[in-house]
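Right, one structure below, let's go through it.
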Amino acid sequence: MNLNASDGVNRRFVLVQYPEKMDEASAASKIGLSSIAEIGKERIRRAGAKIVEGACHPGWNKDIGFRVLKIDTSNMQDVYYRPDEVNQADLLAAVDNIKPGRTADDLLFQVLVDWGLDLTLPICRETVQGKTVFFVDDNVLVACFDTGITEDLVKELASSEPLRVVFRDNGFVSDAVKINVEQVFRQLSPGTDVKSI
């Protein structure tokens, strides 16, 4: 970041840190930092703020932001049943295919990885018709993982003509809306790759 500030080039970097736990008696632990990874994040924040306060090259975009990602299992429920092992009660458990506790951000980054998109692309979170919608690099990807998605919302998103759009599989208000999604995009934005997870 300091080099970027001095010459105006916008270099990017990756920092990898194992989240090793801190000794509870350490100074870092006493101020609420529980792992070496937490210390690293705080140091990057402080270093960035100090760099921006100083003299910077006029061509530098002053980007001191960063994203923290961690490796985890898939966001999707594990389904390893043979048809003869499934009974009627098991079907109700399969209504939501996403693991409990997963956030919209978790789902978004899984979609970015699945589609092979750069994890550093700019992401804008907006509220459209009361639903949270992610716009990745303007219209490279539009994603909505909320429930209660209506055809009006689908039409509004299609009017922005994104390259890709993704919804939560059980997020639609009805089966009819879910079925019509591809038709709406075929009419309003035929070049859009439509997916539901």
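Read-outs throughout are calculated quantities, based only on the coordinates presented, and are distinct from any laboratory measurement. Treat the numbers as computed from the prediction; the structure is a model and nothing was measured. Please note: Cβ atoms are built from the backbone with ideal geometry, for glycine as well, and neighbour counts cover all protein chains shown.
The table that follows gives values for the structure above.
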| quantity | calculated |
| --- | --- |
| Hits in the range 38-73 - residues which are outside any loop (DSSP other than H, G, I, E, B) and more than 28 Å from Arg102 (Cβ to Cβ) | Arg43, Arg46, Ala47, Gly48, Ala49, Lys50, Ile51, Val52, Glu53 |
| Residue check, Val154 out of contact with any Pro (no Cβ under 8 Å at 6 or more places or on another chain) and under 26 Å from Val113 (Cα atoms) | yes |
